[in-house]
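As structure tokens, the structure follows; a few thoughts come after it.
The values are calculated or read from the model by the stated rules, or taken from the named source; none is laboratory data. Predicted, not measured: the structure shown is a model, and the values here were computed from it. For neighbour counting, all protein chains shown are included, and Cβ atoms are generated from backbone atoms with ideal geometry for every residue, glycine included. SASA here: full protein model, heavy atoms, side chains in, ligands and nucleic acids out. Shrake-Rupley method; radii C 1.70, N 1.55, O 1.52, S 1.80 Å.
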Amino acid sequence: MSLDALVAALDAGTTGVRCVLFDGRGMPVVSAYREHRQHYPRPGWVEHDAGEILESAITVVGQALEQCGGRPVMALGITNQRETAVAWDSTTGEPLCRAIVWQDRRTTERCEEVRAQGWEPAVRERTGLPLDPYFSATKWEWMLANVPAVRSAADKGTLRLGTVDSWLAFRLTGRHVTDPTNASRTLLYSLHNAAWDPELVALFGLREEWLPEVVPSVSASGYGVCQVGLFGRPLPLLGCLGDQQSALFGHRGFSPGATKNTYGTGSFLLMNTGGVPRPSHLGLLTTVAYQLEGEKSTFGLEGSIFVTGAAIQWLRDGLGLIGSASETEALANSVPDNGGLYFVPAFAGLGAPYWDPRARGAFLGLTGAVTRAHVARAALEAMAYQTRDVVTAMARETGSEPAELRVDGGAVDNAFLCQFQSDLLGVPVARPSCREMTARGAAFAAGLACGFWPDLRALEALEEERTLFKPSMESSQADDLYGRWQEAVRRCREWVPG
């Protein structure tokens, strides 16, 4: 294999699509990015244009390939926003409606209805997930009931349903496929049988033939080759991972106990729990972490936090308190403490470990002494408090706390956040030099499938610089701060009437 060869990752996220080319050291060489629009047709509804996502994907891959100076690109891996539901026609290849995004809450009442029918224990046991509008199944069910074009395609036998990865794979290679990490976020995938669950598929009024084939996350043959003419060169699609599992893979979290947190639009804490799915009784999700070709799945426990970085965007775009996210570090450091101000950013309800879709956000502890610096600090601290919520639950589930927390995402450029997170948890926070951890996981998957890297040991041997933030706060002070946070959350619970 050529020494200057590269491997590509297509990262189709919530706010935009990025293509990153990685070298043999696992470091990014070239990157191209394009945002896509967020649509909010009603309160609590969030939609994307799947056609726009596809157009952006083709554009950024093409731009990255143009920038690589003719270096060979061995393979492509996809990572994606999970749970977002797409419906399209297999004949025309066109979307039948806007995609319903993972943040969307329109099916809250439907989830409560299914829960009232007594399905929650069976759904949790089979899929590792609670009944919540976060996941894909009720989104597809809503489309089928409310979008005539979706119903018509179903009647004609041309309906195809999938998450963003399978939508892109279908349009790039013609194959209707997904991987276990994405399938395990739909409420339809049996973790124990490694297949779609027929009873749950029927429960939500769906049919298995509408759903994608599930193939390993790392697969030399399962995804196909991008159609001739798209990129001007052969480009096999050989790997796929949901974005949070991809970040864990990018962190090389291949051993049980390895834990990472990604601070993006939301935050997602994921721990490798090994080869057996570990059920959760404390509001965490049991999920597939990855599957290598020819092997059984590796599983994880996950805590999904709906709003972290999105709160900083809201301070900028919604309130106009800051001009850029980077200002928050200096603002937070300009005051000695939070001034008694706590911010619960429950814009779309609360995720793990609460799973309360009726919670809503609030500032608590407001006084005349509060400044915009305190507001910025409260928003950053809320990221760390929500992370401790999940780490606490995870430690109780597994019987041990992580030795360190590996972090990634745009917000970890903020040293105040990383230090406060370490202080609040009482463990080191490790920030890698590579900031494109989600994309790197997809690149690792594709690279393993084509032999760019021979095995997991080769990936673990890659050298990387990282910054380590160590606890500097007394544990009693951290516990006092966290106790007030818990009281703030309690006052925001179930705010929207049932």
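For the stretch 150-166, give me each residue that is among the small types (Gly, Ala, Ser) and either over 17 Å from His48 (Cα atoms) or more than 26 Å from the chain's Cα centre (by Cα) (or both).
The answer is Ser152, Ala153, Ala154, Gly157.
From the list Val164, Val123, Val150, exactly one residue is of a type in the set (Val, Ile, Thr), open to solvent by less than 30 Å² (accessible area, probe 1.4 Å) and touching a helix residue (DSSP H, G or I) at 6+ places or on another chain (Cβ under 6 Å). Which is it?
Within the list Val164, Val123, Val150, the selection yields Val150.
For residues in the stretch 392-435 being in contact with a Gly (Cβ under 8 Å, 6 or more places away or on another chain) and crowded, with 19+ Cβ neighbours inside 10 Å, which is nearest to Gly309 (Cα to Cα)?
Only one residue fits best here, namely Ala411.
When the stretch 1-13 is examined, which residues are found to be open to solvent by 20 Å² or more (accessible area, probe 1.4 Å) and at pLDDT below 95?
Passing the criteria: Met1, Ser2, Leu3, Asp4.
Mind listing whichever residues of the stretch 24-44 are open to solvent by less than 20 Å² (accessible area, probe 1.4 Å) and in a loop (DSSP other than H, G, I, E, B)?
Once the filter is applied, which keeps residues that are open to solvent by less than 20 Å² (accessible area, probe 1.4 Å) and in a loop (DSSP other than H, G, I, E, B), the stretch 24-44 yields Gly26, His36.
Criterion first (at pLDDT 95 or above and surrounded by 19 or more Cβ atoms within 10 Å (Cβ to Cβ)) does Leu248 satisfy it?
Here the answer is yes, as Leu248 does meet what is asked.
If you check Pro357 against the conditions, is it at pLDDT below 95, touching a strand residue (DSSP E or B) at 6+ places or on another chain (Cβ under 8 Å) and open to solvent by 30 Å² or more (accessible area, probe 1.4 Å)?
Answer is no for this residue.
Regarding the stretch 466-475, can at least one residue be identified that is open to solvent by less than 30 Å² (accessible area, probe 1.4 Å), over 25 Å from Val218 (Cα atoms) and not aliphatic (A, V, I, L, M)?
Yes: one or more hits.
Tell me, yes or no, whether the stretch 223-244 has at least one residue that is touching a strand residue (DSSP E or B) at 6+ places or on another chain (Cβ under 9 Å), among the aromatic types (Phe, Trp, Tyr) and not in a loop (DSSP other than H, G, I, E, B).
No, the stretch 223-244 has no match at all.
Within the stretch 254-272, can you find the residues that are without any contact (Cβ under 8 Å) to a residue 60 or more places away in the chain and open to solvent by 10 Å² or more (accessible area, probe 1.4 Å)?
Ser255, Pro256, Phe268
Taking the condition at pLDDT 95 or above and either in contact with a Cys (Cβ under 6 Å, 6 or more places away or on another chain) or under 22 Å from Gln244 (Cα atoms) (or both), does Val30 pass?
Taking the combined requirement at face value, the residue does not satisfy it.
Counting only residues that are charged (D, E, K, R), over 20 Å from the mean Cα position of the chain (by Cα) and in a helix (DSSP H, G or I), how many does the stretch 94-149 have?
9
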